[in-house]
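What follows is a single structure, written as structure tokens, with notes after it.
The values are calculated or read from the model by the stated rules, or taken from the named source; none is laboratory data. In this text the structure is predicted, and so the values were computed from the model without any measurement. Cβ sites come from the backbone with ideal geometry, for glycine too, and all protein chains shown count toward neighbours.
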Amino acid sequence: MEIAFALRGGRSVLAQLYQRAPCRVLFPAPAIDDIPEAVLVTTSGGIAGGDRLRIAVSVEEGAAALLTSQAAEKIYRSLGPEARCAVVLQVGDGAWLEWLPQETILFQASRFSRSIEIKLSATGRLLASEIVVFGRLARGERFSSGWLRDRWRLHRGGGLVWADTLSLDGGAGDDLKAEGAAALEEPLAFGGARAMATVVYAGPDAAQHLALARSLTGAARCRAGTTLVNGTLLARFLAEDPARLRADLAGYVAALRHAAAGLPARPPRLWQF
């Protein structure tokens, strides 16, 4: 899938779209006071072992756009091969992009590899988040077997400014390797958390919002923290209850988009509570 937004006549509009099954995108009418919105849909209902997905989003100079998803993404149990999803986000000079999909739910014995490659110009700005839920908790399921590799790379002006990789290893149908299983329970790692969110704000003004970000994570009901790395504002949330994490994340995203871009202090409309 390829989606591009551009500035035309002082308005941000869709400039390019290429899509094919199982990836589709919808374009609901944006709120009068907000930016154009694109909603990603997986028509298969989820991602299975062996699937290969690629999503490329670009926002050209001066344009703005919000990307979210219609529902939580389900990663189904695999009999062996991993599912792969590659996301590429490009932001031009003076442009604003929000990448705010709903959560990714890892079913028991799922195998999933995701890469998020971010390419920012010197004055481009990005607000991005990803939520991972370890198991179908409403059914009493825990993610105790399977495989996860979650990789972020952020480039500004052609140079790498931040890199992060989470790896929980195990074979399909086997227990997670000792280090992976321990990380989910280890007090200095996940500490029993069943949901995790990573939030990135990258822009020339990121340092100006550090105090606000720390006040928001400090007030969160779940475990959360914020730091600044190479001019990039990073936050992470951990919770035993995904609903609590989502509520805290929504407040963080809403406040930050308002402070950084003057946009309405609200999360994507499709986020449900």
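List of remarks:
- All positions within region 43-69 that are among the aliphatic types (A, V, I, L, M) and more than 18 Å from residue 21 (Cβ to Cβ): 57, 59, 63, 64, 65, 66, 67
- Residue within region 53-72 that is hydroxyl-bearing (Ser, Thr, Tyr), part of a strand (DSSP E or B), crowded, with 21+ Cβ neighbours inside 10 Å and out of contact with any Pro (no Cβ under 6 Å at 6 or more places or on another chain) present: yes
- Total residues in region 100-120, condition assigned to a strand (DSSP E or B) and surrounded by fewer than 21 Cβ atoms within 10 Å (Cβ to Cβ): 4
- Selection from region 1-47 of residues that are modelled with pLDDT of 95 or more and small (Gly, Ala, Ser): 4, 6, 12, 15, 38
- Any hit, region 143-158, residues being surrounded by fewer than 22 Cβ atoms within 10 Å (Cβ to Cβ), of a type in the set (Gly, Ala, Ser) and at pLDDT below 85: yes
- Beta carbons closer than 8 Å, at least 6 apart along the sequence or on distinct chains, pair a first residue in region 34-54 that is under 27 Å from residue 127 (Cβ atoms) and touching a residue at least 60 places away in the same chain (Cβ under 8 Å) with a second that is among the small types (Gly, Ala, Ser) and not in a loop (DSSP other than H, G, I, E, B) for 35/12; 35/64; 35/65; 37/65; 39/69; 40/69; 47/83.
- Qualifying residue in region 219-227 (condition: touching an Asp or Glu at 6+ places or on another chain (Cβ under 6 Å) and within 23 Å of residue 120 (Cβ to Cβ)): no
- Each residue in region 74-99 was checked for being modelled with pLDDT of 95 or more, among the polar types (S, T, N, Q) and either part of a loop (DSSP other than H, G, I, E, B) or more than 26 Å from residue 254 (Cβ to Cβ) (or both), and 0 pass.
- The residues in region 93-147 that are of a type outside the set (S, T, N, Q) and under 23 Å from residue 13 (Cβ atoms) can be counted, and the count is 17.
- Taken over region 9-52, residues that are surrounded by 13 or more Cβ atoms within 10 Å (Cβ to Cβ), assigned to a strand (DSSP E or B) and of a type in the set (D, E, K, R) amount to 2.
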